[in-house]
Amino acid sequence: MSFESELPASLAEVAQRCRDETERFFRRLIPDTRFCMELFRRGLARREGDAFAHVIANYTPLVDMWVKRHSAFPKSGEESSYFVTAAFEKLWMAVSPARFARFVDLKALLSYLKLCVHSSIIDHLRSQDCHASLGDEGQTGSSEPVAPAPLLSSPERAEIWSAVMQRVQNEKEQLVLHACFALRMKPGEVIEAFPEVFQNAQELYRTKQNLLERLRRDQALRKYLAPYA
């Protein structure tokens with residue numbers, strides 16, 4: 001019997017059980033995560049809009065809490081709902097049906113959703129800084145040269161990123177890859193955002209170093225990257 005066949009066929013039943021188990025989690029009881037994982041699967045892997053709407057409804061309070069606790073949120077000048085919406089949009093766009101299979105459990109999915117919260121806030125602040133810089137240049141008449149375009153096209157970068165992702169072995173490495181390299185978060189920011197994943201800086205550095213050393217030793221990856229070196 002498959003995993004899916006053991007669960008209710010009705011979306012309403014799955015969504016209700018997910019809500020019930022989420023309440024158990026917040027009461028510090030051990031939840032049955034199968035129902036919430038199934039709700040995510042229908043929403044992201046099967047791209048069912050109604051299922052993803054239930055995901056949003058169920059996890060909005062948690063995402064809102066993450067937003068309000070983020071150290072950079074007070075500087076954003078936005079309501080928390082702005083970033084809640086942005087985080088779910090990032091999740092929908094980033095997790096394709098094929099990519100969903102890489103998330104081994106609900107904890108991994110929620111860690112990624114939390115990363116989407118951080119990314120949404122940081123992207124917003126960077127956008128504000130960029131607009132401010134452009135405004136300053138217009139006022140002072142600065143003629144600083146525009147930075148050169150990246151050497152790699154978007155499809156090329158996507159191919160390389162996919163090749164690296166295939167060599168990630170666990171949730172911690174996946175988080176390090178996205179946080180430290182894609183979002184360029186500082187170690188302290190990663191630990192602050194994910195205290196449940198990394199207990200201290202040593203654990204983060206060890207995970208990051210192990211990942212980098214393995215990528216450097218990977219002959220297939222080195223050959224793949226050779227044309228872009």
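The values are calculated or read from the model by the stated rules, or taken from the named source; none is laboratory data. For clarity, every value in this text was computed on a predicted model and none was experimentally measured. Heads up, the Cβs are rebuilt from the backbone with ideal geometry, glycines too, and the neighbour counts pull from every protein chain shown. Calculation scope for accessible area: heavy atoms of the full protein, side chains included, ligands and nucleic acids excluded. Shrake-Rupley method; radii C 1.70, N 1.55, O 1.52, S 1.80 Å.
One table, with the values for the structure above:
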read-out	value
Ranked order, 66, 92 - accessible area, probe 1.4 Å, largest first	92, 66
Solvent-accessible ranking of 30, 121, 191, 56, largest area first, probe 1.4 Å	30, 56, 191, 121
Förster-model FRET efficiency, 22 Å R0, residue 214 and residue 69, C-beta, rounded to 0.05	0.10
Tensor-based shape of segment 14-121 (alpha-carbon gyration tensor, a/c under 1.5 rounded, otherwise prolate or oblate)	oblate
Reach of residue 68 by Cα under 22 Å, taken over lysines that are not fewer than 8 positions away in the same chain	90, 107, 114, 186
Efficiency of FRET between residue 47 and residue 167 - r from beta-carbon atoms, R0 25 angstrom, step 0.05	0.40
Total formal charge among the other residues, if their Cβ is under 12 angstrom from that of residue 103, Lys/Arg +1 and Asp/Glu -1	+2
Estimated FRET transfer efficiency when R0 is 25 angstrom, pair residue 107-residue 186 (beta carbons, to 0.05)	0.60
